[in-house]
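Okay, so here's the structure we're looking at.
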Amino acid sequence: MALPILTIGNKNYSSWSMRPWLALKWAGIAFEERIIPLGPRGMGPNPDIVAVSPSGTVPVLELPDGEKIWDTLSICEWAHEQAPDAGLWPKDAVARALARSATCEMHSGFAAVRQTFPMNLKRVKAGHEWSETAQAQVQRIDDLLCGLKSRFGSTDSPFIMGHRTIVDAFYAPVATRFRTYQVPVSAALQAWCEAIFQDPDFATWDQAAQLETWTIAETDVA
Ligand SMILES: N[C@@H](CCC(=O)N[C@@H](CS)C(=O)NCC(=O)O)C(=O)O
């Protein structure tokens, strides 16, 4: 049987790609994976990505009938609809609405965090500097995730909503950015970061990233 094909950027750099890849894994949905290495910022449209993605961005999920879903959150929503019992969204309506709000805040916000701390799983950088705006966004992420966890989390699970949801998938790249650039966070958020790092599916992605040899000079030296 033909599988959906998830086209992603390379695992070391592509934060958007990590999110639906984790969501599909967590939902137990089988898929084929194809990687297109990302180029440097400002290089213009990547013809390999443009050839497969209507928006010219990855991730893009191609369904067996040829239909394409080209947005990270939409792929995660599709995964939830395919496997509603996997718990990618919380069952409780209020918890689900707040989980969606947190997810959408990441999807459309935190520009300073994204620009200041480019995802680079292979890297550990001491002495990185960041602006007050970036620091305020780090604090907002800390308050947001820990606030949700204290309301909706479970003593049985280290994840934000009491089990692995799209919120964890959406913020997992941020956990790696804090690791790479040694960004101090609260003990509660650090515990969640460690849970992400120990998640078996995240670890599979991370191990593959560590073996990649593609480089983007600007994020490796800046
Ligand atoms: N809003 C899009 C953002 C996707 C995105 O910006 N992807 C980046 C890679 S992480 C991309 O494909 N950039 C084009 C390129 O590198 O050529 C989504 O949610 O999927």
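Going residue by residue through region 110-119, is there one that turns out to be over 18 Å from the mean Cα position of the chain (by Cα) and assigned to a loop (DSSP other than H, G, I, E, B)?
Checked region 110-119: no residue is over 18 Å from the mean Cα position of the chain (by Cα) and assigned to a loop (DSSP other than H, G, I, E, B).
Looking at this structure, is LEU98 more than 15 Å from the ligand (Cβ to nearest atom), at pLDDT 95 or above, surrounded by 18 or more Cβ atoms within 10 Å (Cβ to Cβ) and assigned to a helix (DSSP H, G or I)?
yes
Considering region 1-28 alone, what residues qualify as being open to solvent by 30 Å² or more (accessible area, probe 1.4 Å) and within 15 Å of ALA79 (Cα to Cα)?
Matches in region 1-28: LEU3, LYS25, GLY28.
For region 21-49, which positions are more than 8 Å from the ligand (Cβ to nearest atom) and in a helix (DSSP H, G or I)?
TRP21, LEU22, ALA23, LEU24, LYS25, TRP26, PRO47, ASP48
Listed residues TRP214, TRP205; which is within 22 Å of LEU73 (Cβ to Cβ), touching a residue at least 12 places away in the same chain (Cβ under 8 Å) and in contact with a Leu (Cβ under 9 Å, 6 or more places away or on another chain)?
Every option except TRP205 fails the conditions.
When you look at LYS149, is it of a type in the set (Lys, Arg) and either part of a loop (DSSP other than H, G, I, E, B) or open to solvent by less than 30 Å² (accessible area, probe 1.4 Å) (or both), yes or no?
In short, no.
Any idea which residue in region 50-68 is nearest to the ligand (Cβ to nearest atom), counting only those that are aliphatic (A, V, I, L, M) and touching a residue at least 40 places away in the same chain (Cβ under 8 Å)?
Out of the qualifying residues, it is VAL58.
How about region 50-71: which of its residues are touching a strand residue (DSSP E or B) at 6+ places or on another chain (Cβ under 8 Å) and either over 11 Å from ILE36 (Cβ atoms) or buried (at least 18 other Cβ atoms within 10 Å of the Cβ) (or both)?
Once the filter is applied, which keeps residues that are touching a strand residue (DSSP E or B) at 6+ places or on another chain (Cβ under 8 Å) and either over 11 Å from ILE36 (Cβ atoms) or buried (at least 18 other Cβ atoms within 10 Å of the Cβ) (or both), region 50-71 yields SER53, PRO54, VAL58, PRO59, VAL60, LEU61, GLU62, LEU63, LYS68, ILE69, TRP70.
Anything in region 116-135 that is over 23 Å from GLN198 (Cβ atoms) and touching a residue at least 12 places away in the same chain (Cβ under 8 Å)? List them, or say none.
Those that are over 23 Å from GLN198 (Cβ atoms) and touching a residue at least 12 places away in the same chain (Cβ under 8 Å): THR116, PRO118, ALA126, HIS128, TRP130, SER131, THR133, ALA134.
With the requirement that a residue be within 16 Å of the ligand (Cβ to nearest atom) and not in a helix (DSSP H, G or I), what does region 69-87 give you?
Matches in region 69-87: ILE69, TRP70, ASP71.
The values are calculated or read from the model by the stated rules, or taken from the named source; none is laboratory data. In this text, all values refer to a predicted model and were calculated from it rather than measured experimentally. Cβ coordinates were reconstructed from backbone atoms using ideal geometry, including for glycine residues, and neighbour counts include every protein chain displayed. Surface accessibility is based on the protein's heavy atoms, side chains included, excluding ligands, DNA and RNA. Shrake-Rupley method; radii C 1.70, N 1.55, O 1.52, S 1.80 Å.
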